[in-house]
1. How do 220-229, 179-188 rank on mean C-beta neighbours within 10 Å, highest first?
2. For LYS163, list the aspartates and glutamates whose Cα falls under 17 Å from its own Cα; do not include residues on the same chain fewer than 8 positions away.
3. Please list, or write none, the aspartates and glutamates whose alpha carbon is within less than 19 Å of the alpha carbon of LYS229, excluding same-chain residues fewer than 8 places away.
4. Loop-only check: which GluC sites (Glu not before Pro) in segment 166-270 are DSSP coil with at most 16 other Cβ within 10 angstrom?
5. Around LYS114, what is the net charge, scoring Lys/Arg as +1 and Asp/Glu as -1 over all other residues with Cβ under 13 Å from its Cβ?
6. Leaving out same-chain residues fewer than 8 places away, which aspartates and glutamates sit with a Cα under 16 Å from that of LYS103?
7. What part of the accessible area of segment 142-270, given as a whole %, is carbon or sulfur when the probe is 1.4 angstrom?
8. What accessible area per residue comes out for segment 165-265, rounded to a whole number of Å², with a 1.4 Å probe?
Amino acid sequence: MTIVLAVTGIICGLFTIFVLGSGVIAGILSCAIGLALLIFRLVIKKKSLKKQAAALVSGTLAAVMLLSLAFAGLTDNAARTAAAELAAVDRLLLRGGVEDTAKALELLEEMQSKYPNSVELLIRQAQANSQLFNDDEAAALLNRCAADLDIRYYLMKASEEIKAGREAEARDTYVAAAAIYTQDYQIQFNAGFLSYIRGDMTKAEFYLLRACILEPKEPRALFFLATVKCVQGDYAAARGHLEKAASLRVSDTLKKDIEDLLASLPQEGA
């Protein structure tokens, strides 16, 4: 009877873990109890020392495996819980209303005890404070994220700098980010666009060309690269970029800008 109970407990535990995919902790406990019963059965049966030793070794290895499964299950469960909580915060922040943002900030403060010094929380707290126009608090929170070099830190820092009218600082922020996130289109485009706005055509060309390589079918990057080439006097290159941009799907506004810039170019061979 003991063996039947033990085997049943182990089978049910494994079924719960690997087939149902839920109740991981309960499944592991069921397996552990089943193994304990089997070992107990061997001991009280007064098997030979060799068999008892083998049972104990097997039981120890199984226990280690179960503890590993338990740790993995707990970690996975914690990760899912954190992801769900952050998703709820993101939904509130996306709505952007004062009440929604305040509620998001409240949830983030409640999460601090579980996830102390988490960049995920700090970034969202900074965003929430920014949406509530608590700019000093948003800046202080962002500064705490600086050491992690998270891409969202750079995006939000530059956004705050643009909002405050500090475009030169925003350009420098994007340039710093572009050196780290070399494969991110938005970072490269923003670095190029702000360099163009600030009149630095060399940097603008460099970053906009990177953006065009990363996203060759993105017409905005092509348009601003063409604009830079116009300023540099390379009208042939500008025409090529504009014609390529015009062949892509573009908004009506951008289409008109492309057509106007094309029309303003000197005739080829002139």
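1. Details: 220-229: 23.9, 179-188: 16.3.
In decreasing order of mean packing, 220-229, 179-188 become 220-229, 179-188.
2. Here the aspartates and glutamates satisfying the reach criterion relative to LYS163 are ASP135, ASP136, GLU137, ASP172.
3. Correct list for LYS229: ASP200, GLU205, GLU215, GLU218, GLU243, ASP257, GLU259, ASP260, GLU268.
4. Details: sites: GLU167, GLU169, GLU205, GLU243, GLU259, GLU268; in loops: GLU268.
Answer by residue number: GLU268.
5. Details: positive: none; negative: GLU85, GLU109, GLU110, GLU120.
Net charge in that neighbourhood comes out at -4.
6. GLU85, ASP90
7. Numbers: 3600 of 6980 Å².
Carbon and sulfur: 52 percent of the exposed surface of segment 142-270.
8. Numbers: 5220 Å² over 101 residues.
Per residue, segment 165-265 has an accessible area of 52 Å².
The values are calculated or read from the model by the stated rules, or taken from the named source; none is laboratory data. These numbers were taken from a predicted model, which means no experiment stands behind them. Every residue, glycine among them, receives a Cβ derived from its backbone with ideal geometry; neighbour counts consider all protein chains shown. Accessible surface areas use protein heavy atoms only, side chains included; no ligands, DNA or RNA. Shrake-Rupley method; radii C 1.70, N 1.55, O 1.52, S 1.80 Å.
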